[in-house]
Amino acid sequence: MTQPSSGSAESAVSSARQLSSLLGRMQIVDLSHTLEEDMPIYPTHSRYYHTLWDSFATGSRALLYQLVINEHCGTHIDATAHFMPEDHPEHLYMADTPLARCAGRALTLDLSYFQDTDLVTTEIIRQWEQAHYAIEPGDIVNFRFGWDRYWQPRSVSRAYSKSWPGLSGEAAEYLVSKQIKAVGCDVLAIDSSYAENSPAHYALLGNGINIIENLTRLDEIVGESYMIAFPLKIKQGSGSPIRAVAFK
């Protein structure tokens, strides 16, 4: 087996130090909601349960809970297999999804003035690009609707899961043309609650673009940041809960 040269090893160490120094100077923003029972869920999805399994009170040396969770509960990422059948060229389960798709430069558009019936159009995105940053291949594009203000236990309010704005099909196709890697949002689904036939899901997932939903604190990263949203390595997973973070 060929051993790496001392030069290449030193270069790798140098790069690691540079990255560590850079990230150490940046703020980490947690973009994930806390997983808890009674949190908002998609109406047709199973609920999240956090059940005591063993504890000190029962004589155990350790505290243990069992998690029962839908792949699309809380802040999560959709695998393309969520909508694309196995014979589709972009069909990938969660465990097979390249991690490179889950990290990169993030551009976050502030659309917090939207009402639940509003849709993101191609023109809105183009105008944002002209005023801020051009969307480039490999970017993650987030839409901040400010809907995380409605995130409350279901027993308190169901406003979050009752209705929400979203991305139009033609705008999703525009993002496909920009060759981005993922789209994020702070609503229950990237398609509006009023959308028919999930056009944004099919356009994005059908072209290998993963979808990140139920984000929070996007107001803190409006503009440009670096985002990481790694999933659990779930065999045949249609999606996964994530701990999404951004560096700014």
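The values are calculated or read from the model by the stated rules, or taken from the named source; none is laboratory data. Bear in mind the structure is a predicted one, so any value in this text is a computation, not a measurement. Cβ sites come from the backbone with ideal geometry, for glycine too, and all protein chains shown count toward neighbours.
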Exclusive hit being touching a His at 6+ places or on another chain (Cβ under 8 Å) and among the aromatic types (Phe, Trp, Tyr), set Phe56, Phe83 | Phe83
If the Cβ limit is 8 Å and pairs must be 6+ apart or interchain, which residue in segment 145-164 that is farther than 11 Å from Asp116 by Cβ pairs with which residue that is at pLDDT 95 or above and exposed (fewer than 14 other Cβ atoms within 10 Å of the Cβ)?
-> Pro153/Glu36; Pro153/Asp38; Arg154/Asp38; Ser155/Asp38
Would segment 91-111 turn up any residue that is touching a residue at least 40 places away in the same chain (Cβ under 8 Å), more than 23 Å from Val245 (Cα to Cα) and loosely packed, with under 14 Cβ neighbours inside 10 Å?
-> no
Out of (1) touching an Asp or Glu at 6+ places or on another chain (Cβ under 7 Å); (2) surrounded by fewer than 18 Cβ atoms within 10 Å (Cβ to Cβ); (3) not hydroxyl-bearing (Ser, Thr, Tyr), the odd one out for Leu205 is which?
-> (2)
Is it the case that some residue within segment 70-82 is touching a residue at least 12 places away in the same chain (Cβ under 8 Å), crowded, with 18+ Cβ neighbours inside 10 Å and over 26 Å from Arg217 (Cα atoms)?
-> yes
Kindly list, by first and then second residue, each pair from a residue in segment 123-135 that is of a type in the set (Lys, Arg) to a residue that is surrounded by 14 or more Cβ atoms within 10 Å (Cβ to Cβ), limited to pairs with Cβ atoms under 9 Å and residues at least 6 apart or on different chains.
-> Arg126/Tyr174
